[in-house]
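See structure below.
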Amino acid sequence: MSQIHLIVLAGLICVAVPGLSAHAGTPILYHSPADDGIPPAELPIEPGSPAITLFLYIDSGPSSSTIGAPCVDGNGDELCAWEFLLQTTGTASIQAFVPDPQRDVVSRTIAGEFAATGGDASDGELGPIRIGELDLNVGDDNWSVMIAAGTTVDASFDRASFQPVAIAAPEPQTLSQLAAGLLLLVWLGHLTHSRERSASHKTRQAHPGRLHLTFPALILALILSTATSASAQDSDADGIPDASDNCIHVANPGQEDAGGLYGPPSDGIGDLCQCGDVNADGLIDLLDIALYQRGLSGLLPTALDEDKCSVVGGRLDCEPNDHQRLREAIVGIAPGADQVCQNANALPPPPVRIVGSGDSITQGFSANCSCNAGFLGLLCLLCPAGGDQPEYSWFDGGSLGNSFYDLYGGSSSGILSSRVSQSGAEMTGGGDTFSNQADDILALVPVPDLVVLELGGNDVCNRDCVDPGHCANALYDEMTWTSAVEAGLEKLVGFNHPTSLPVGSTIYLLGVPRVQDLYAAGVAKQQTASDIDCDSFRDTFNVCEIATLDAPMNGEDLQTRLEGISLRIPRYNEILRDLALAYTSNQNGKNPHGIEVIADYVNESLPSIGTTPFGANEINGGDCFHPSLSGQSQLAAGAWFSNPR
């Protein structure tokens with residue numbers, strides 16, 4: 001190799017080495033040539049062409065937190081989240097990315113760029129963290145792969161940046177190495193510009209239709225807007241007319257605008273209505289993604305700001321789909337974070353008429369029954385034999401005292417209330433389904449503008465096994481469940497149906513209750529009083545045998561059946577959640593009138609009707625299955641907690 005080649009290569013290595021010299025707490029992103037996680041001592045030189053594979057790792061050190069909790073206030077080397085952008089120079093083009101099977105990575109790949117984000121904001125991860133394999137195609141020896149930008153969130157929830165350095169270059173080849181070296185040095189100089197320049201480039205690329213105003217243009221717009229009539233509409237009464245207010249529906253007289261996606265410069269959306277900004281700094285960045293993951297796990301901070309955390313679908317549904325959309329947005333995957341959160345939209349008016357769609361739970365079945373055995377056994381049995389007790393319904397029971405309707409103010413609110421629920425109803429089959437009840441709802445006068453759906457318990461209880469290989473009527477599969485939900489929704493939203501709910505209406509889907517809790521709740525219940533015998537009553541009257549009969553059914557013992565139910569009900573609820581997103585956003589093209597569809601279920605970590613546990617106090621003493629007065633009140637409070645109207 002000539003002397004000039006040695007000088008250029010030395011320059012390459014000297015510039016690149018600082019980003020590879022790891023010390024505790026300093027995050028580095030690197031290519032580990034042996035795929036062993038060991039950072040190279042100098043810039044990796046990759047021989048061969050045209051196919052080259054880079055093994056990507058991130059590391060910040062080996063020490064665990066000893067003070068505080070990682071991803072809150074820890075002092076170790078754990079990484080809680082990361083994101084980066086790689087760019088190629090010369091003849092290198094990116095062909096594919098294969099994520100490590102142990103990593104949940106969201107990525108965007110085009111010929112000259114690779115962006116990715118991931119991390120564990122619940123517990124943090126100690127390095128080396130294997131991200132995956134990046135496959136390149138190179139035409140000659142004139143290429144490199146550079147870190148263009150990137151940040152991490154460390155154990156103390158501080159941000160750190162990756163140094164903009166090369167992570168791979170070709171094997172030196174005659175005079176072309178000189179050109180490659182000079183190009184790389186020039187590129188490194190180019191990358192010493194601020195993170196904001198790279199960020200604004202990504203913003204323009206991810207959102208090519210977004211208007212970017214210069215500072216003089218903003219001043220001119222402000223002058224023009226303030227010249228309008230003093231009577232111009234000001235929806236949030238903050239003194240700024242709607243035509244020039246960067247948050248129309250929430251008061252922000254200071255018009256603060258820190259930046260938005262990727263940070264500064266300002267994006268024309270006020271900080272108080274920046275959807276996706278869960279840490280209230282006006283920006284949408286890696287910290288928000290990490291906080292969102294912790295919030296969905298029920299970890300500090302446990303309360304996501306429902307007014308700002310939705311970026312896709314409904315106004316208030318802060319759930320995994322929103323978190324995923326934020327992750328996609330930060331790596332530049334369209335359509336990005338949508339301004340759909342409550343603070344960016346007008347608050348809907350109170351409903352005119354609400355209607356409950358459901359089964360025996362909504363009918364208040366046996367809610368006030370307190371016994372089924374003992375000296376007054378026959379007399380006690382008259383109560384569950386009486387069946388429905390709608391006066392104690394969680395939805396609008398006038399004798400419950402704290403029903404969902406009562407929380408609106410009851411009849412004194414001026415809101416009308418109805419139920420189309422029937423005992424024995426299923427979402428899917430039987431004599432009364434969601435689709436049947438949708439017909440009943442649309443026949444009401446006036447047609448309701450808030451539908452609250454509580455179904456699914458009987459879809460479990462009326463089955464005879466969990467494994468379809470063991471009986472002819474196993475638990476409904478996901479496709480059957482989905483079709484049944486859509487059959488009702490399509491009628492209510494007017495898809496291929498002559499009528500629909502009024503424009504501006506809301507359909508509120510409550511999660512399927514935890515049927516798997518009821519056996520243990522009954523065992524505990526009968527231990528509280530001598531005149532309650534849950535085992536005897538449930539066995540005699542075949543009360544939800546799949547979940548309560550402590551004997552084999554179709555080759556499945558009770559524990560096997562309960563485990564199967566425990567897996568299936570969350571999937572039913574996830575389908576409700578995801579269908580709500582599909583309809584509200586009209587991603588499925590089935591919501592021509594823009595009817596809002598909201599699900600209360602987020603996941604198994606956060607409260608909803610589908611995650612509300614049932615214990616001895618929450619089931620009645622008659623059939624040892626349906627909610628007691630306490631259980632009905634709990635359902636009312638749970639439904640109200642996430643009520644979108």
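The values are calculated or read from the model by the stated rules, or taken from the named source; none is laboratory data. Being a predicted model, the structure only gives us computed values, none of them experimental. Every residue, glycine as well, gets a Cβ built from its backbone with ideal geometry; the counts of neighbours run over all protein chains shown.
A few comments on the model shown:
- In this structure, A22 does not satisfy being in a loop (DSSP other than H, G, I, E, B), under 26 Å from W143 (Cα atoms), at pLDDT 90 or above and in the same structural domain as I147 (by TED's automatic domain parsing).
- Residue check, V145 among the aliphatic types (A, V, I, L, M) and under 26 Å from the mean Cα position of the chain (by Cα): no
- Condition met for A280 (touching an Asp or Glu at 6+ places or on another chain (Cβ under 8 Å), aliphatic (A, V, I, L, M) and on the phi > 0 side of the Ramachandran plot): yes
- Members of the stretch 25-43 found to be touching a Ser or Thr at 6+ places or on another chain (Cβ under 8 Å) and outside any strand (DSSP E or B), listed by number: G25, T26, P27, I38, P39, P40
- Subset of the stretch 259-282 (residues that are buried (at least 22 other Cβ atoms within 10 Å of the Cβ), closer than 30 Å to D123 by Cβ and either of a type in the set (A, V, I, L, M, F, W, C) or in the same structural domain as G118 (by TED's automatic domain parsing) (or both)): L261, C275, V278
- Any hit, the stretch 367-378, residues being of a type in the set (A, V, I, L, M, F, W, C), touching a helix residue (DSSP H, G or I) at 6+ places or on another chain (Cβ under 6 Å) and modelled with pLDDT under 95: yes
- Test: residue in the stretch 591-605 that is touching a residue at least 40 places away in the same chain (Cβ under 8 Å), surrounded by 18 or more Cβ atoms within 10 Å (Cβ to Cβ) and part of a helix (DSSP H, G or I): no
- One residue from D59, D104, D123, D77 being among the charged types (D, E, K, R) and in contact with a Ser or Thr (Cβ under 7 Å, 6 or more places away or on another chain): D77
- Count of the stretch 72-100 residues which are within 15 Å of A116 (Cβ to Cβ) and assigned to a loop (DSSP other than H, G, I, E, B): 1
- Every condition in (1) assigned to a loop (DSSP other than H, G, I, E, B); (2) hydroxyl-bearing (S, T, Y); (3) closer than 30 Å to G594 by Cβ is met by Y508 except one, and the failing one is (1).
- If you check G401, G397 for being closer than 20 Å to I609 by Cβ and in contact with a Gly (Cβ under 6 Å, 6 or more places away or on another chain), only one passes: G397.
- No other residue among L400, L453, L416, L444 is of a type outside the set (F, W, Y), closer than 28 Å to P348 by Cβ and within 32 Å of the chain's Cα centre (by Cα) apart from L453.
- Unmet criterion (only one of (1) in contact with a helix residue (DSSP H, G or I) (Cβ under 8 Å, 6 or more places away or on another chain); (2) closer than 30 Å to K491 by Cβ; (3) surrounded by fewer than 23 Cβ atoms within 10 Å (Cβ to Cβ); (4) at pLDDT 95 or above) for A639: (3)
- Selection over the stretch 36-52 of residues that are within 17 Å of N137 (Cα to Cα) and not small (G, A, S) gives a count of 6.
- Annotation note: of A303, A337, the sole residue that is of a type in the set (A, V, I, L, M, F, W, C) and touching a residue at least 12 places away in the same chain (Cβ under 8 Å) is A337.
- Some residue of the stretch 52-67 being free of Cβ contacts under 8 Å to residues at least 60 places away in the same chain and either aliphatic (A, V, I, L, M) or touching a strand residue (DSSP E or B) at 6+ places or on another chain (Cβ under 7 Å) (or both): yes
- Evaluating A329 against the criteria (1) within 22 Å of the chain's Cα centre (by Cα); (2) among the aliphatic types (A, V, I, L, M); (3) surrounded by fewer than 24 Cβ atoms within 10 Å (Cβ to Cβ) leaves one unmet condition, (3).
- Some residue of the stretch 617-628 being among the small types (G, A, S) and not in a loop (DSSP other than H, G, I, E, B): no
- Helices (runs of 4 or more DSSP H) contained entirely in the stretch 362-475, each with at least 2 residues that are of a type in the set (A, V, I, L, M, F, W, C) and buried (at least 16 other Cβ atoms within 10 Å of the Cβ): 377-386, 434-442, 457-461
- Residue list for the stretch 124-158, filter: in a strand (DSSP E or B) and closer than 22 Å to L300 by Cα: E125, T151, T152, V153, D154
- Only listed residue being in contact with a helix residue (DSSP H, G or I) (Cβ under 6 Å, 6 or more places away or on another chain) and of a type in the set (V, I, T), chosen from V503, V447, V512: V512
- Residue count, the stretch 129-142 (criterion: within 14 Å of P33 (Cα to Cα) and either surrounded by fewer than 19 Cβ atoms within 10 Å (Cβ to Cβ) or in contact with a Gly (Cβ under 9 Å, 6 or more places away or on another chain) (or both)): 4
- Here the stretch 520-535 is the region considered, the condition is being among the small types (G, A, S) and at pLDDT 95 or above, and the residue that is nearest to A373 (Cα to Cα) is G522.
- Residue in the stretch 377-395 that is in the same structural domain as L576 (by TED's automatic domain parsing), within 31 Å of the chain's Cα centre (by Cα) and closer than 23 Å to L316 by Cα present: yes
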